[in-house]
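Visitor: Let me begin by handing over the structure; questions about it come next.
The values are calculated or read from the model by the stated rules, or taken from the named source; none is laboratory data. Note that the coordinates shown come from a computational prediction; the quantities given were computed from them, not determined experimentally. Here the Cβ positions follow ideal geometry from the backbone for every residue, glycine too, while neighbour counts run over all protein chains shown.
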Ligand SMILES: Nc1nc2c(c(=O)[nH]1)N[C@H]1C(S)=C(S)[C@@H](COP(=O)(O)OP(=O)(O)OC[C@H]3O[C@@H](n4cnc5c(=O)[nH]c(N)nc54)[C@H](O)[C@@H]3O)O[C@H]1N2
Ligand SMILES: Nc1nc2c(c(=O)[nH]1)N[C@H]1C(S)=C(S)[C@@H](COP(=O)(O)OP(=O)(O)OC[C@H]3O[C@@H](n4cnc5c(=O)[nH]c(N)nc54)[C@H](O)[C@@H]3O)O[C@H]1N2
Ligand code: SF4
Ligand SMILES: [Mo]
């Protein structure tokens, strides 16, 4: 008998509702849930592939324990006892900082990890906490902390009401939006145009989003800070600032900071014409409902800190912060701010520094740029053991090959992950969680970055398979075996006694909409809680309840931008594809079929200069080595810039991903220099890597 069950796709930030048609224990089809008030039936091709993930014969169902050069399946008790014993030994011998943790991207989409796993991992008390944050949104969080007083207060563009959407360093038509949870973003951007508004994209590549925009402007990688300084210069010089009802601290300092940044100077630094900078600045300042939205291209570059600050600042001084159609703050049914405060995650920056090269901590974590060196460098505090949780840093973090060597040198490594992939094959034990369709779901994190206030709980589509553990249960059982301080053990015990649903129920009750689990269970398609509402100044975490538009950390970093030199040769940027998701959806036949996606895109002039024909195999070289990829010649690339996607290159010894290892591709992160960082925030500069192509 076939039956339709409703759920939420947990793969990207769009949180689309899905209708899963099942027969017995098989998925027959996955469609968009027409009755979901937020996603209204939209899904992308990845949503359909939820079935492939669930049924994937390579997905691990039982713990694996390394034995010699191979693996053997083990029971949960045996595997967990072993992990607890080995981690315990390392902690006893070398102290708590000797155990490092890396948490990957799916952690943010996993109810059990958000309500329990992350907290449990923090109770280890190690300074060597790492995550994908420093490969991603860290600069936005730093700007939120320094300008709004809380690292979680990242504002989102009110796409459904704006008339001018300026998109910087994001390609939502491929990524489906980020720190902008907005299912069917393509439809939402089109709606801006239908109501007479405009979409403008600034990007070194004419992206899928740029193709649909009213205007695309090429911008040099890393040029965003200069561009924004030039635009703010124009706005302030022409007295177009209009902060609205908000009290802004530091406006005079900002005026001082941009004084020398004439549009002509900005043009030299970012490649955008003076006239363009002036027009853009005036359009933003004079359009009633406009928003400047910056995303990962703005963050993961050498001036990610400055650029993220200036993105928020330009909205603030033009009256587009906390106003409908501008950059707004959400009112989620579960308010993460008080919860984060309760759990001690309310943020902080550079309160201490890393052991080897003195990189700043952020929110209690160290940046990935120092991950390998903290493992490799002997001495007090050296990392000897590692827990990876829902992450694949060998493919996702720069310096992949070096990291691989470092991981081989660990005394002990455990991975909580459903696959034997580039990273987990280096572990001693792999603990696989239940599949995405075997667990309940509520987007605790993403609902806080959603363009409408929504709440949705989904029950598991399938009962879990025999002898399976959810991520959070794996941690609960592991931490019950570890000899942690009594406070940590009691907190862990209390949470694991009520489970994620218990935490949800409590968090909803104290949340601003006072929802109950019963209400959520009665609404399997989700509950619409209305458009975003103004939240300032009450929501600010700053002492004086003002927005700081010129925090000192950024003013101190400006001289570095002044000194920056333009690279003489080619630079490399990344790219995302709609049918892929970081490093872990390449084992689905239906997602990887078709033309090879891991190619290097190049402008015709750059290719001609190097004698490269379309489809030829090119060698892309940096100081860290070379990878070989087919060339795709296209005038969608800015001259002097090449583009290579990340997350490929699975065919490494020992990887058990039958489809992914058969697809051609190489890992861009093998040749990105991990030492390239935004020196202010410590975020990896994944974009703008100088390369040679031959
Ligand atoms: N060059 C370059 N590098 C990049 C980027 C880039 O743009 N360019 N982007 C960066 C960004 S934004 C990010 S977020 C990172 C992502 O970096 P990571 O999070 O390290 O990598 P993912 O590819 O998302 O790997 C996810 C892992 O989690 C496992 N997994 C999936 N679902 C679950 C689950 O429910 N539970 C558990 N326990 N495991 C699960 C998968 O098998 C896989 O091993 O990559 C970064 N790296
Ligand atoms: N299909 C798919 N969806 C995804 C993911 C995926 O891998 N695949 N990953 C998910 C994750 S983890 C994240 S964080 C989000 C990211 O979501 P987005 O931020 O939308 O990510 P991208 O599509 O990589 O877009 C970044 C854009 O920045 C441009 N760029 C590069 N360097 C610069 C620069 O210096 N300045 C400017 N202005 N632009 C630059 C690139 O050309 C690219 O078009 O996507 C999420 N969604
Ligand atoms: S856009 Fe695609 S991957 Fe993202 S939530 Fe929707 S269906 Fe899933
Ligand atoms: Mo990300």
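Visitor: Just to be sure I understand, how many residues within the stretch 578-596 are crowded, with 18+ Cβ neighbours inside 10 Å, within 12 Å of ligand 2 (Cβ to nearest atom) and closer than 22 Å to residue 397 by Cα? Working first, answer last.
Guide: Initially, the stretch 578-596 is screened for residues crowded, with 18+ Cβ neighbours inside 10 Å, giving 579-588, 591-592.
Right, trim to within 12 Å of ligand 2 (Cβ to nearest atom) and you get 579-586, 591.
With the extra rule that they be closer than 22 Å to residue 397 by Cα, the set shrinks to 579-586.
The qualifying residues number 8.
Visitor: I've got another one for you. Examine the stretch 99-115 for a residue that is surrounded by 19 or more Cβ atoms within 10 Å (Cβ to Cβ), within 16 Å of ligand 1 (Cβ to nearest atom) and either part of a loop (DSSP other than H, G, I, E, B) or free of Cβ contacts under 8 Å to residues at least 24 places away in the same chain (or both), and state whether such a residue exists.
Guide: Yes, there is a match, as at least one residue in the stretch 99-115 is surrounded by 19 or more Cβ atoms within 10 Å (Cβ to Cβ), within 16 Å of ligand 1 (Cβ to nearest atom) and either part of a loop (DSSP other than H, G, I, E, B) or free of Cβ contacts under 8 Å to residues at least 24 places away in the same chain (or both).
Visitor: For residues in the stretch 138-157 being within 13 Å of residue 294 (Cα to Cα) and surrounded by fewer than 24 Cβ atoms within 10 Å (Cβ to Cβ), which is farthest from ligand 4 (Cβ to nearest atom)?
Guide: Residue satisfying both the conditions and the ranking: 156.
Visitor: So, restricting to strands (runs of 3 or more DSSP E) that lie completely within the stretch 333-436, which ones have at least 3 residues that are over 19 Å from the mean Cα position of the chain (by Cα)?
Guide: Here the list reads 349-353, 385-389, 412-416, 429-431.
Visitor: In the stretch 449-560, which helices (runs of 4 or more DSSP H) lie fully inside it and hold 3 or more residues that are crowded, with 16+ Cβ neighbours inside 10 Å?
Guide: Numbers: elements: 471-481, 486-510, 517-521.
Answer list for the stretch 449-560: 471-481, 486-510.
Visitor: Test residue 602 against the stated conditions and say whether it is away from ligand 1 (no atom under 16 Å from the Cβ) and buried (at least 21 other Cβ atoms within 10 Å of the Cβ).
Guide: Yes; evaluated as a whole, the condition is true for this residue.
Visitor: Just checking, how many residues over the stretch 413-452 are under 20 Å from residue 501 (Cα atoms) and touching a strand residue (DSSP E or B) at 6+ places or on another chain (Cβ under 6 Å)?
Guide: Number satisfying all stated conditions: 3.
Visitor: Identify the single condition in (1) on the phi < 0 side of the Ramachandran plot; (2) under 28 Å from the mean Cα position of the chain (by Cα); (3) surrounded by 23 or more Cβ atoms within 10 Å (Cβ to Cβ) that residue 233 does not satisfy, given that it satisfies every other one.
Guide: Among (1) on the phi < 0 side of the Ramachandran plot; (2) under 28 Å from the mean Cα position of the chain (by Cα); (3) surrounded by 23 or more Cβ atoms within 10 Å (Cβ to Cβ), residue 233 violates only (2).
Visitor: Could you please find all residues in the stretch 289-311 being surrounded by fewer than 24 Cβ atoms within 10 Å (Cβ to Cβ) and assigned to a helix (DSSP H, G or I)?
Guide: Result: 296, single match.
Visitor: Sticking with this structure for a sec: Give just the number: which of (1) within 16 Å of ligand 1 (Cβ to nearest atom); (2) over 29 Å from residue 123 (Cβ atoms); (3) in a loop (DSSP other than H, G, I, E, B) does residue 41 not satisfy?
Guide: Failed condition: (1).
Visitor: For the stretch 127-159, which positions are away from ligand 1 (no atom under 16 Å from the Cβ), touching a helix residue (DSSP H, G or I) at 6+ places or on another chain (Cβ under 6 Å), within 19 Å of residue 451 (Cα to Cα) and part of a loop (DSSP other than H, G, I, E, B)?
Guide: Listed by number, the residues that qualify are 151, 152, 153, 159.
Visitor: On the given criteria, is residue 84 at pLDDT 95 or above and crowded, with 22+ Cβ neighbours inside 10 Å? Give the derivation first.
Guide: Working: at pLDDT 95 or above: yes; crowded, with 22+ Cβ neighbours inside 10 Å: no.
No.
Visitor: Residue 177: buried (at least 20 other Cβ atoms within 10 Å of the Cβ) and within 16 Å of ligand 3 (Cβ to nearest atom), yes or no?
Guide: Spelling it out, residue 177 is indeed buried (at least 20 other Cβ atoms within 10 Å of the Cβ) and within 16 Å of ligand 3 (Cβ to nearest atom).
One line per residue, one yes/no per condition, for (1) within 17 Å of residue 477 (Cβ to Cβ); (2) touching a helix residue (DSSP H, G or I) at 6+ places or on another chain (Cβ under 7 Å); (3) within 16 Å of ligand 2 (Cβ to nearest atom); (4) outside any helix (DSSP H, G or I):
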site	(1), (2), (3), (4)
31	no, no, no, yes
58	no, no, no, yes
71	no, no, no, yes
79	yes, no, no, no
124	yes, yes, no, yes
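Visitor: Out of (1) in contact with a helix residue (DSSP H, G or I) (Cβ under 9 Å, 6 or more places away or on another chain); (2) more than 15 Å from ligand 1 (Cβ to nearest atom); (3) farther than 18 Å from residue 417 by Cβ, the odd one out for residue 87 is which?
Guide: (3)
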